[in-house]
Amino acid sequence: VIFSEIVRQYLKTHKKKVLVMTHRIELCKQTSKMLTEFGVGNKVVDSKADLSDQAEYSCFVAMVETLNNRLNDDKLDISDIGLVIIDEAHYNSFTKLFKFFSQSFILGVTATPLSSSIELPMTDNYDELIVGESIESLISNGFLARAEMFSYNVGLTSLVVGANGDYTVKSSEDLYTD
């Protein structure tokens with residue numbers, strides 16, 4: 001939601017385009033939907049996308065690997081990208097694309113400002129860390145409700161960690177749908 005508004009405001013005040021990068025297809029679709037709800041026409045750059053109409057769009061949403069392929073194949077014109085927003089910026093899979101956007105402002109967005117790799121700290125790619133309001137402040141100002149938590153014991157040992165460092169969707173579904 002927050003970077004959808006950032007995109008909307010950026011496009012209103014600049015004559016450049018925006019690219020939003022995600023690392024999962026679910027986030028790509030969710031981002032595109034939210035941008036549309038904010039009145040930002042956008043094009044999802046996926047492996048099936050026909051990019052012949054890309055000149056009609058001021059905002060693109062792409063998964064990191066698909067974007068890498070499209071850029072290496074010269075299928076996407078990025079000459080007019082002024083702002084690149086990286087969702088889940090703590091994942092280092094995005095860094096290989098930075099070379100394409102040396103003339104763009106890069107904004108990394110994450111709720112987890114710790115790099116997924118100790119060898120590649122976020123300070124190597126981002127100049128400044130901007131911290132939002134604390135949860136307690138948001139609660140006391142009426143923006144969030146105080147949490148009411150419920151829990152039960154599940155055997156987390158059956159969860160499988162995938163190549164991206166997250167639990168696999170299949171192992172999560174298997175555990176939580178039984």
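None of the figures in this text is laboratory data; all of them are computed from the coordinates on show. This one's a predicted model, so the numbers in the text were calculated from it and none came from an experiment. A quick note on method: Cβ atoms are made from the backbone with ideal geometry, for glycine too, and the neighbour counts reach across all protein chains shown.
Per-residue Cβ neighbour counts within 10 Å put 36, 157 in the sequence 157, 36, beginning with the fewest.
For residue 43, nonlocal amide neighbours, meaning residues 5 or more places apart or on other chains whose placed amide H falls under 5 Å from its own, are 59, 60, 61. Restricting the chymotrypsin sites (Phe, Trp or Tyr not before Pro) of segment 67-116 to loop positions (DSSP other than H, G, I, E, B) with no more than 14 neighbouring Cβ atoms within 10 Å leaves nothing. Helix 2-13 axis versus longest C-alpha principal axis of the chain: approximately 20°, rounded to the nearest ten. Beyond 22 Å in Cα-Cα separation lie the following of the pairs 17/43; 43/75; 12/96; 75/99: 12/96. I want the antiparallel fraction of DSSP beta bridges within the chain, as a percent rounded to 5. If we restrict to bridges inside the chain, about 5 percent are antiparallel.
Among the GluC sites (Glu not before Pro) within segment 93-147, those in coil by DSSP and having at most 14 neighbouring Cβ atoms inside 10 Å are 119, 128, 133.
Here Cα Rg over 2.2 N^0.38 Å was calculated from the structure, and among [x] 1.08; [y] 1.16; [z] 1.22 it sits at label [y]. Remark: the residue 139-residue 160 segment gains 4.1 nm on full extension, using 0.36 nm per residue and subtracting the alpha carbon distance. Computed from Cα atoms, the angle from the helix 25-37 axis to the main principal axis of the chain rounds to 70 degrees.
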